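Before any comments, here is the structure.
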Ligand code: MIG
């Protein structure tokens, strides 16, 4: 059951397209304090709280304070409160079970037992909220109802389930050719290469550097002949430059965000001074979306949207002030406080909260200050693209994933998990975000495998890939200046070939589970707690996940480990895929086990009476045979049944019943 409560004047977010009627009376479970703009729920000692999508810390969010404030923060540390997305959905699981979604586009705080261990407190920065309370049979049912409310998740093309290689940046077409050639020569599967900001002409959206990427359409075609998709990045800021058509047209039509006095708001990002298209204004959004045509026309079929929190390096106005203030430090003795003030002035230039109060959107003729709707910006940039793809390429699935997001954006694209680091702990963080994101509708997602910032190591890449082969987005990406991490930079080619190769063997199952999760409003990745709520060990497991119907995964995320402890909530079949191509199977009883997992092993656990369809693999998605399947199965006293979803991966007749086949063994 879903009940909706409205407080104040609701700001339109379109997270929910068809809203239920508002409820009279008081909201259940919570105590409301209008003055403090907060809702409190008193938690039992054993209550667990799930949700909040893209965030730091555990699957169970209890014990920390989170803030919904889309932020460009490349340090995904335990003490952070927000990352790039704002996903205001939580489920309380304990004596009572209910879900809450706060549809509110400004800054919101979820204090989940941080200030007081027993108190869950949601605080808004403005008393204009649309709040939904959802009750159901169990946690899974609550999530399913929520997903039904927010609408069907974005569906990616099949090729986007292949392995992708990225780097900030491949500087020339020849560098890209070389990446492809190396993978093909070594027999390492590959389906896409990502183009970061340097493919553009001096960081101008919807341009191409003709010197480094000449004849782009021709180059794109050449790549496609090798079954490689090129995926260019698009940034939120449009360069301020005379003679640049996107800038000039946007300015002339008034499509950029403006300051209070009506002049354009100028912030600096990659190209230096840039303007933000007013993504919250329908006309401007349509216009921005139409710009993607420039690349679609050259044969591009996928994009990633970046810097759309929006990230700000500095604003023109603040920089001027800071430079003036810095002048006053000349010739002074910088004691502790003065020195901190000095460095603070410079570090405070970026993503400064005050700057988000300096510009305005035009929403249906109403002037709205940005900070009140901050969390909708990235969402609407991606919506601009998604809506444009429907207009421009109605019969095609176009790959789209974004950095910033809000619930609702899940209908237009996936997300990647942002600028993580080549840290072992970030393998685990990647795993933990999967179910939280699935709860909020983000199914096409994954992290920068191998780690974005910091120098990586060979063993880290191997271990991370062993998780990454299961996430819908499987992309190796790293930052400028860090150690290169394409797999061919290392030595263990047999290991990499084996692990990435397994991705292509699992594809029939992964794609099938992905499509079912999307079409049925279910989660592709679930914490053990969701399926084994009565099992007092299972409910606390934070480093294993259920993947679809029949699998459990338990990747290694510690350096130099030769294996790990795994908890089995029931008897399962363990299957170990070894680098020499052999497979070992063993039935393990319910309970705790230490499982040996060498650096090149991939281990999965099959639930009783389940089947996992597998292919014989391939060098790209196009090679994979989704019809002649092999199975790993665990039949324990009975029959194993699998509902196999398969379509051609490019058309949009998703609901056609012919795509589903029931396999029995
Ligand atoms: O902050 O375009 O998250 O994936 O490589 C740097 C350069 C801007 C941030 C993205 C990252 C990308 C990088 N961008």
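Some notes on this structure:
- Evaluating residue 330 against the criteria (1) out of contact with any helix residue (DSSP H, G or I) (no Cβ under 8 Å at 6 or more places or on another chain); (2) without any contact (Cβ under 8 Å) to a residue 24 or more places away in the chain; (3) under 26 Å from residue 258 (Cα atoms) leaves one unmet condition, (3).
- Restricting attention to segment 83-134, the residues being assigned to a loop (DSSP other than H, G, I, E, B) and surrounded by fewer than 22 Cβ atoms within 10 Å (Cβ to Cβ) number 15.
- Of the candidates 474, 434, the single residue that is in contact with a helix residue (DSSP H, G or I) (Cβ under 7 Å, 6 or more places away or on another chain), closer than 25 Å to residue 654 by Cβ and in contact (Cβ under 8 Å) with a residue 40 or more places away in the chain is 474.
- Search result, residues across segment 213-244 that are assigned to a helix (DSSP H, G or I) and closer than 18 Å to residue 291 by Cα: 216, 217
- Of all residues in segment 380-411, those being in a strand (DSSP E or B) and within 16 Å of the ligand (Cβ to nearest atom) number 5.
- Among the residues of segment 128-148, the ones that are touching a strand residue (DSSP E or B) at 6+ places or on another chain (Cβ under 6 Å) and closer than 24 Å to residue 22 by Cβ come to 10 in all.
- Residues that are in contact with a helix residue (DSSP H, G or I) (Cβ under 9 Å, 6 or more places away or on another chain) and assigned to a helix (DSSP H, G or I) were ranked within segment 143-158; the one that is nearest to residue 521 (Cα to Cα) is 147.
- Residue check, residue 503 under 30 Å from residue 169 (Cβ atoms) and surrounded by fewer than 18 Cβ atoms within 10 Å (Cβ to Cβ): no
- Residue 441 being within 16 Å of the ligand (Cβ to nearest atom), closer than 20 Å to residue 308 by Cβ, in a loop (DSSP other than H, G, I, E, B) and under 14 Å from the mean Cα position of the chain (by Cα): no
- Filter pass, residue 651 being surrounded by fewer than 17 Cβ atoms within 10 Å (Cβ to Cβ) and within 27 Å of the chain's Cα centre (by Cα): yes
- Of the residues 195, 230, 190, the single one that is surrounded by 17 or more Cβ atoms within 10 Å (Cβ to Cβ), closer than 28 Å to residue 519 by Cα, within 16 Å of the ligand (Cβ to nearest atom) and at pLDDT 95 or above is 230.
- Residue that is nearest to the ligand (Cβ to nearest atom) [pool: residues in segment 159-178 that are assigned to a helix (DSSP H, G or I) and surrounded by fewer than 20 Cβ atoms within 10 Å (Cβ to Cβ)]: 175
- Just one residue in the set 273, 253, 221, 259 is more than 16 Å from the ligand (Cβ to nearest atom), more than 23 Å from the chain's Cα centre (by Cα) and under 17 Å from residue 178 (Cα atoms); that residue is 221.
- Qualifying residue in segment 505-512 (condition: away from the ligand (no atom under 16 Å from the Cβ) and not in a helix (DSSP H, G or I)): no
- Out of 252, 175, 185, 218, sole residue that is closer than 28 Å to residue 507 by Cα and free of Cβ contacts under 8 Å to residues at least 12 places away in the same chain: 185
- Residues within segment 550-571 that are touching a strand residue (DSSP E or B) at 6+ places or on another chain (Cβ under 8 Å) and surrounded by fewer than 19 Cβ atoms within 10 Å (Cβ to Cβ), tallied: 6
- Answer from 568, 629, 588, 611 - the residue that is touching a helix residue (DSSP H, G or I) at 6+ places or on another chain (Cβ under 7 Å) and at pLDDT 95 or above: 629
- Of all the residues in segment 444-461, those that are away from the ligand (no atom under 16 Å from the Cβ) and buried (at least 23 other Cβ atoms within 10 Å of the Cβ) number 2.
- When each of 429, 467 is tested for being within 16 Å of the ligand (Cβ to nearest atom), in a helix (DSSP H, G or I) and over 10 Å from the mean Cα position of the chain (by Cα), the lone residue that passes is 429.
- Test: residue in segment 281-296 that is within 16 Å of the ligand (Cβ to nearest atom), modelled with pLDDT of 95 or more and in contact with a helix residue (DSSP H, G or I) (Cβ under 7 Å, 6 or more places away or on another chain): no
- Taken over segment 470-480, residues that are assigned to a loop (DSSP other than H, G, I, E, B) and within 11 Å of the ligand (Cβ to nearest atom) amount to 4.
- The number of residues in segment 75-89 being over 13 Å from residue 417 (Cβ atoms) and away from the ligand (no atom under 16 Å from the Cβ) comes to 7.
- Across segment 642-665, the number of residues qualifying as more than 15 Å from residue 514 (Cα to Cα), touching a strand residue (DSSP E or B) at 6+ places or on another chain (Cβ under 8 Å) and assigned to a loop (DSSP other than H, G, I, E, B) comes to 1.
- Residues that are over 13 Å from the mean Cα position of the chain (by Cα) and away from the ligand (no atom under 14 Å from the Cβ), drawn from segment 412-425: 423, 424, 425
- Of all residues in segment 112-133, none that is more than 18 Å from residue 11 (Cα to Cα) has its Cβ atom under 7 Å from the Cβ atom of a residue that is modelled with pLDDT under 95 and surrounded by fewer than 17 Cβ atoms within 10 Å (Cβ to Cβ), 6 or more apart or on another chain.
- Identity of the residue in segment 58-74, in contact with a strand residue (DSSP E or B) (Cβ under 6 Å, 6 or more places away or on another chain), within 18 Å of residue 93 (Cα to Cα) and in a loop (DSSP other than H, G, I, E, B), that ends up nearest to the ligand (Cβ to nearest atom): 61
The values are calculated or read from the model by the stated rules, or taken from the named source; none is laboratory data. Computed from a predicted structure; not experimentally measured. Positions of Cβ are backbone-derived with ideal geometry, glycine not excepted, and every protein chain shown enters the neighbour counts.
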